Amino acid sequence: MSHREQQKTFWSIDPTAKRKPLQPFSSLAPAKPSVVFDTYWRFAAERQAVFHRRALGETPPWTDDEILREYKFTNAYRASDRVSQYLIRHVIYEGDQSSEEVFFRTILFKLFNKIETWEMLSQELGPPTYAEYSFERYDRILTRAIEGKRTIYSAAYIMPSGSKAFGTTRKHRSHLRLLEQMMEDNLPARIAEAPSMRKAFELLLSYPMIGDFLAYQYVTDLNYSDLTDFSEMEFVIPGPGALDGIRKCFESLGGLSETDVIKVVAERQEAEFARLGLEFHSLWGRPLQLIDCQNLFCEISKYARVKHPDVAGVSKRTRIKQKHRPNMEPIDYWYPPKWGINERISNGAGTRTENGVDHHGGE
């Protein structure tokens, strides 16, 4: 079967086939993959291979892919990125594990999304806790840092200023007031009681300055903790970068929404790696989740600017701004205990995938 025929059998419906009860996406017109769709899977496999080569202590360069060597891209798995690793190990799982304190630490960290800002607050205040929270103390420390020309926010995404919502003159003050409002509304307990990831997302979305993208990021971060226990295959919201990447991967969505596409791609990952003859080295047996596939669409949006400059998305961007500068500080990878990955890492479990099937050893 040709490459094009393989794509067609996946993305289209045979009108002569005997009718069956409708399955997800089966009543929708066919989506048409572009050349970037195959690059999506090759990028995912090679970016994850880079992760494992680095985790094994190999010295750079970790890849022959010139684009990956020159430009900065996040990991295939969101939880493996340096900031997420710090959040999981040193923010979420260090300190009081009550729902109130875990929520407070997680959202405080994510408002700035910068390790240096968290460490600055910790050095000045001791471990940040809601029990000892003071707007004046936090504001004084952050204001002094800004006046000293220190960057307190990550460049990963832009946080709204919130000046209208809270009547403040500095962005960080609005964000502290936002966190105060959440805590006063007993949001930690309401999130913990939420019956689904979508409901928890909607609770976060109801607050000023938090749109779809941030609400999805925050609920994902909170779900790393024991505050909630949602499946990452339950719910997804595509961000702006993912929307651009999806449009590059498909000439037409054919009736599918971008959310549908992410779900189908996540469900089809083993078949797609096998179709292209790729070995995908999973996260110690954990397949790509919806959040990971969403992030990969965001990364392929950037990667395709160089690999496929003739394929236009919706953002119209043509260059990748961030260059790759290897950070040689090692990371002792550690994931939410409920995932069951940490035992596999410590026991030396294998990660090799052939045709989508993981092979574990050393257990």
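Rule-based calculations on the coordinates, nothing more; no lab input. Since the model is a prediction, treat every value here as computed from it, not as a measurement. Cβ: placed from backbone, ideal geometry, glycine included. Neighbour counts: every protein chain shown.
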Calculated from backbone phi, Karplus (6.51, -1.76, 1.60) coupling profile of the stretch 216-229 in Hz, x at Gly/Pro: 5, 4, 5, 5, 5, 5, 4, 6, 5, 8, 8, 4, 9, 8
Contact order normalised by residue count of the chain, Cα under 8 Å, 6+ apart, percent: 23 percent
Among ARG140, ARG47, ARG198: highest mean-square fluctuation, GNM of the chain, C-alpha pairs under 10 Å: ARG140
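Just need the relative contact order of the stretch 29-170 here, percent rounded to a whole number, with Cα pairs under 8 Å and 6+ apart.
Numbers: 73 pairs, mean separation 20.8, N = 142.
Relative contact order here is 15 percent.
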Amide H contacts under 5 Å for PHE250, placed H, 5+ residues apart: SER34
Surrounding net charge for SER154, when Lys and Arg each add one and Asp and Glu each subtract one, Cβ distance under 15 Å: +4
Relative contact order computed over the stretch 160-291 (Cα-Cα under 8 Å; 6+ residues apart), in percent: 18 percent
GNM result for the chain, Cα springs below 10 Å: residue of GLN181, GLN289, GLN48 fluctuating most strongly: GLN181
Loop-resident sites, the stretch 287-338, for chymotrypsin sites (Phe, Trp or Tyr not before Pro), counting at most 11 other Cβ within 10 Å (DSSP): none
Vicinal HN-Hα couplings computed from phi for the stretch 330-337 (Karplus, 6.51 cos²θ - 1.76 cosθ + 1.60; Hz; Gly/Pro x): x, 10, 8, 4, 8, 10, x, x
DSSP-loop GluC sites (Glu not before Pro) across the stretch 214-273, with at most 15 other Cβ within 10 angstrom: GLU234
Stretchable slack from LYS338 to LEU56, in nm (0.36 nm times residue separation minus alpha-carbon distance): 99.2 nm
Kirkwood Rh, Cα atoms: Rg over Rh of the stretch 98-222: 0.94
On Cα atoms only, tilt of 171-184 relative to the major axis of the chain in degrees: 90 degrees
Derived scalar couplings ³J(HN,Hα) [the stretch 248-254; Karplus, 6.51 cos²θ - 1.76 cosθ + 1.60; whole Hz; x for Gly, Pro]: 6, 7, 9, 5, 8, 7, x
Degrees, to the nearest 10: 115-125 long Cα axis against longest axis of the chain: 20 degrees
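For TRP118, what is the net charge nearby, where nearby means another residue's Cβ is under 14 Å from its Cβ and Lys, Arg count +1, Asp, Glu -1?
On the way: positive: ARG82, ARG89, ARG105, LYS110, LYS114, ARG150; negative: GLU94, GLU116, GLU119, GLU124, ASP221.
Net charge in that neighbourhood comes out at +1.
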Candidate lysines for bridging to LYS199, where Cα separation is under 26 Å - those fewer than 8 sequence places away on the same chain excluded: LYS110, LYS263, LYS338
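With 40 Å as the cut-off, how large is the P(r) tail for the chain, expressed as percent of Cα-Cα pairs? Could the numbers behind the result be given before it?
Details: 10998 of 65703 pairs.
Considering the chain, 17 percent of its Cα-Cα pairs are separated by more than 40 Å.
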Long-range HN-HN contacts of TYR71 with modeled amide H, under 5 Å: HIS324
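Between SER346 and ARG150, how high is the FRET efficiency from 1/(1 + (r/R0)^6) when r is the Cβ-Cβ distance and R₀ = 41 Å? Nearest 0.05. Walk me through the numbers before you get to the answer.
On the way: r = 37 Å, r/R0 = 0.90.
Once the sixth-power term is evaluated, E becomes 0.65.
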